[in-house]
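Contents: one structure, followed by commentary.
The values are calculated or read from the model by the stated rules, or taken from the named source; none is laboratory data. All of these numbers come straight from a predicted model, not from anything done at the bench. Note: ideal-geometry Cβ built from the backbone for every residue, glycine included; neighbour counts use all protein chains shown.
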Amino acid sequence: MTVGALDTAETQRDRNYISTPADGRSAMTTSTEVSETARTGTKPFIGGVVEGFYGRPWTMEQRTKLFKSEQKWGLNTYLYAPKDDYKHRMYWRDLYSPEEAEQLIALISAAKKHNIDFIYAISPGLDVTFSNRKEVAALKRKLDQVRDFGCSSFSLLFDDIETEMCPADKQAFSSFGHAQVAITNEVYRHLGEPETFLFCPTDYCAAFCSPNVFQSSYLHTVGDELLPGIDVLWTGPKVVSHKISVESIEEVSSILKRAPVIWDNIHANDYDPQRIFMGPYKDRPTELIPKLRGVLTNPNCEFYPNFVPIHTLATWCKASAAGAPKDVEMGDEEQDPGYSPHKALTLALTDWLEEFLCTDQPTACSKKESCDEEPMQTDLEEHSYIPGPGENPLYTAEPLTLDDLKLLSDLFYLPYEHGATAKTMLHELDWLQCHSQAAALKTDQTAEWCSRARQFDDMCEAVVRMFNRLSNVPNRRILYDLYNYICDIKSGVNLAQAYVKSLGGLGKPSAQLMSADPEPWGFRGGLSGEFQRMLPGHGNRDLFKHPPRTSVYCIRPYCAEDKMDVQSIFVKMQRERQIKAPSATEAPLISDILSTGEISPSPECALVLEDDIGVCGYMLALTDAKAAAASIQRDTSDGVFEDFPSLVTGQILPRVADPSPAKRMIGQLLSTIRTFGSRGVLCELRHSDRRMLDFFTKSSSFQPLKMDALPPDVVVMGTTL
Ligand code: GDL
């Protein structure tokens, strides 16, 4: 970040967003207008950053840098609330030592210098006894001390605490809400009703409200009893809200009797050490701005990667100030006429690229601030060594590009969304895996498979190149904050790349993937990863690949009345297959005569799948397929029927996108067949039946089998029991 311009009229204009009483919309104002608004009592829109995450707090130097950037980008607020700063939460009663005081005084004055409203927050909720006057006095004493440091804006936070009151408080207050509101009102008055005073409720998002926002007695208490000059923090529908709608804000505002300040956790990453978020501020319509008192983003724990989160939030705030531009081009997902996340991201990344390219060494590392964490390298002098003839040329780093940063942001995008390239890579890997038969068996799809495998390989190479260029950037501080993440993604991508090569027979199966004694990076994620892998659906990690579906399916035993439905699904799927891949004749299969009802499935070996429309799939089995094979003149002399005497077949209509019902049906049939004493089960699949071929290849334990006298368009797969 380059140092922001000093306080010119221009920056002043960019900085202040106020609500005009006439239409309620936020608007940019000049400094003269600001004093006018101060006179008329309209408060400026709060836009900025809350340092409110768990873990290592930012350094004083980083915070000072933040103030400069905020000023430059037109934001106006910083809320000091680092959860793991001792004297903010755990030891909230303790006063600051002279050394600490010196640092806080310097910080508050740095904020003032950059026209940033420094809000000091305290979190007494872990152990405060609300009804004890000494406790209230301790809180006032602490805030008085900070006021003496030059701070004039305050906040009381009651998030993430036990809701059960101690017996003394139960006697004094009718509810937890009443206790919090009483102490907050008292402190607010004690401090002389500061212009900015924020309260964070314990139920700070809709998901926490019991039974819901509208009927929450806690929120009603806050709305009714909290003094009107105090503003309320709110994270939206959830702690980390995917979207925040205008309706949801109107609802909560009606209960709180004031417009909330959004504490936005969209870019927070303190809950998962493998994730960091560098996508644009998104999924909050700018229509919200006039309905809000402000927005403070609580971003990633790592300071430097927050460039995009904060820069794009600033663009979002400006969108309302400038009014809705009429000429924006909108993609399908970008409906907001005032703000385009895509454009905001490009603006931010363009500015960020400059940051990466400067060495950014500490200029004035204060005596108090330890420089131990800084790298030893302090300058990048011209190389004095010149290699002689026949010696190695000097290593020269390729410069980082804007495309590298776009890729970086795509790979570490948002908590509920991967960026475009990441989505494509996942999609392509999924396709390549599902269609790996095409690579192995040389079908008509082989050329397509190989071409898509090459493109996948190129995408992986781009990630590796980005990693290499990033590792060589002059600004080591940004790099070090990103290093673990980019290293992790590079290794993940390398594994996928090796896997696709081995699917295509282009490389040996990767040692990391297949070795019985892999290096530790072959099994990632530590103990927590192991727990996660043991949970159903890998602890929901495939959230992005298969979005949660709301359809309810019923799996039930097949009965005589289902015969027509089963036949018609079979015929429908056969027709669709033949339209896509016409073939003159198709030799009959055991599966065909089972599906058309010419032979019956074995008892207890038939299931149908129903959704709210009707029967949408079936799975049928024969415990002894040899007899049926004879009826279609299939040669049964090779040994396959000895090892795999049973057969299963099925079809699932395409409207069932979720593979899990079919998986369940197969699982159930295999266990029934096992109880009949069978050793193995086979299934016959036509190459043209891509859907079922994909399913059996990817989602079941069936493996391709070699079988003599098989029609050329048929694959047989089997599984032992
Ligand atoms: C929270 C905490 C916050 C934390 C965030 C993300 C609020 C009000 N409090 O619940 O400190 O960083 O989740 O983990 O959001």
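Conditions (1) touching a helix residue (DSSP H, G or I) at 6+ places or on another chain (Cβ under 9 Å); (2) outside any helix (DSSP H, G or I), marked per residue:
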{"position": "E586", "(1), (2)": "yes, yes"}
{"position": "I593", "(1), (2)": "yes, no"}
{"position": "T636", "(1), (2)": "yes, yes"}
{"position": "V648", "(1), (2)": "yes, yes"}
{"position": "A657", "(1), (2)": "no, yes"}
{"position": "M665", "(1), (2)": "no, no"}
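Within segment 142-155, can one find any residue that is within 16 Å of the ligand (Cβ to nearest atom) and within 23 Å of Y54 (Cβ to Cβ)? Looking for residues that are within 16 Å of the ligand (Cβ to nearest atom) and within 23 Å of Y54 (Cβ to Cβ), one finds at least one in segment 142-155, hence yes. Remark: pairs (first residue in segment 144-161, within 14 Å of R89 (Cα to Cα); second residue in a helix (DSSP H, G or I) and away from the ligand (no atom under 16 Å from the Cβ); Cβ separation under 8 Å; 6+ apart in sequence or on different chains) = L156/I183; L156/V187.
Only one residue in P280, P290 is over 17 Å from L233 (Cβ atoms), in contact with a Leu (Cβ under 6 Å, 6 or more places away or on another chain) and away from the ligand (no atom under 11 Å from the Cβ), so which one is that? Step through it out loud before you land on a result.
On the way: P290 fails: in contact with a Leu (Cβ under 6 Å, 6 or more places away or on another chain).
Just a single option satisfies the conditions, and that option is P280.
All of (1) touching a residue at least 24 places away in the same chain (Cβ under 8 Å); (2) part of a helix (DSSP H, G or I); (3) over 24 Å from Y553 (Cβ atoms) hold for A627 with one exception: (1). Considering only residues that are touching a Cys at 6+ places or on another chain (Cβ under 8 Å) and surrounded by fewer than 21 Cβ atoms within 10 Å (Cβ to Cβ), which ones fall in segment 219-245? Of everything in segment 219-245, those that are touching a Cys at 6+ places or on another chain (Cβ under 8 Å) and surrounded by fewer than 21 Cβ atoms within 10 Å (Cβ to Cβ) turn out to be P237, K238, V239.
So, in segment 75-115, of the ones that are among the hydrophobic types (A, V, I, L, M, F, W, C) and part of a loop (DSSP other than H, G, I, E, B), which residue ends up nearest to E135 (Cα to Cα)?
Checked segment 75-115; the qualifying residue nearest to E135 (Cα to Cα) is W92.
In this entry, D635 is excluded by the filter for residues that are among the charged types (D, E, K, R), in the same structural domain as G680 (by TED's automatic domain parsing) and modelled with pLDDT of 90 or more. Figure legend. Inter-residue proximity from segment 50-70: first residues away from the ligand (no atom under 13 Å from the Cβ), second residues of a type in the set (V, I, T) and in a helix (DSSP H, G or I), beta-carbon distance below 9 Å, spacing 6+ or different chains. Indicated pairs: L66/I310; S69/I310; E70/I310.
Looking at Q703, Q651, just one residue is in contact with a Gly (Cβ under 9 Å, 6 or more places away or on another chain) and more than 22 Å from L609 (Cβ to Cβ), and that residue is Q703. Listed by first and then second residue, the pairs with beta-carbon distance under 7 Å, at least 6 apart or on different chains, first residue in segment 208-234 and closer than 19 Å to V261 by Cβ and in the same structural domain as L79 (by TED's automatic domain parsing), second within 16 Å of the ligand (Cβ to nearest atom) and among the basic types (K, R), are D231/R293. Within segment 116-127, is there a residue that is assigned to a helix (DSSP H, G or I), surrounded by fewer than 16 Cβ atoms within 10 Å (Cβ to Cβ) and without any contact (Cβ under 8 Å) to a residue 40 or more places away in the chain? No - not one qualifying residue is present in segment 116-127. Considering only residues in segment 205-255 that are polar (S, T, N, Q) and part of a loop (DSSP other than H, G, I, E, B), the one that is nearest to the ligand (Cβ to nearest atom) turns out to be T235. Those helices (runs of 4 or more DSSP H) of segment 362-478 in which at least 3 residues are modelled with pLDDT of 95 or more, considering only elements entirely within it, cover 402-411, 420-434, 446-471. If you check T42, T29 for being in the same structural domain as L296 (by TED's automatic domain parsing), more than 21 Å from H311 (Cα to Cα) and at pLDDT below 95, only one passes: T42. Screening segment 191-204 for residues that are touching a residue at least 12 places away in the same chain (Cβ under 8 Å) and exposed (fewer than 15 other Cβ atoms within 10 Å of the Cβ) and picking the one that is nearest to the ligand (Cβ to nearest atom) gives E195. The C-beta contact set for segment 257-277 (first residue at pLDDT below 95, second residue away from the ligand (no atom under 12 Å from the Cβ) and not in a loop (DSSP other than H, G, I, E, B), distance under 7 angstrom, 6+ apart or interchain) comprises Q274/D488. In this entry, V608 is excluded by the filter for residues that are among the β-branched types (V, I, T), assigned to a helix (DSSP H, G or I) and modelled with pLDDT of 90 or more. Would you check which residues across segment 256-275 are of a type in the set (A, V, I, L, M) and away from the ligand (no atom under 13 Å from the Cβ) and list them? Answer for segment 256-275, where residues must be of a type in the set (A, V, I, L, M) and away from the ligand (no atom under 13 Å from the Cβ): L256, A259. Only one entry in Y78, Y86, Y96 is within 16 Å of the ligand (Cβ to nearest atom), closer than 29 Å to K140 by Cβ, crowded, with 16+ Cβ neighbours inside 10 Å and assigned by TED's automatic domain parsing to the domain that holds I161, namely Y78.
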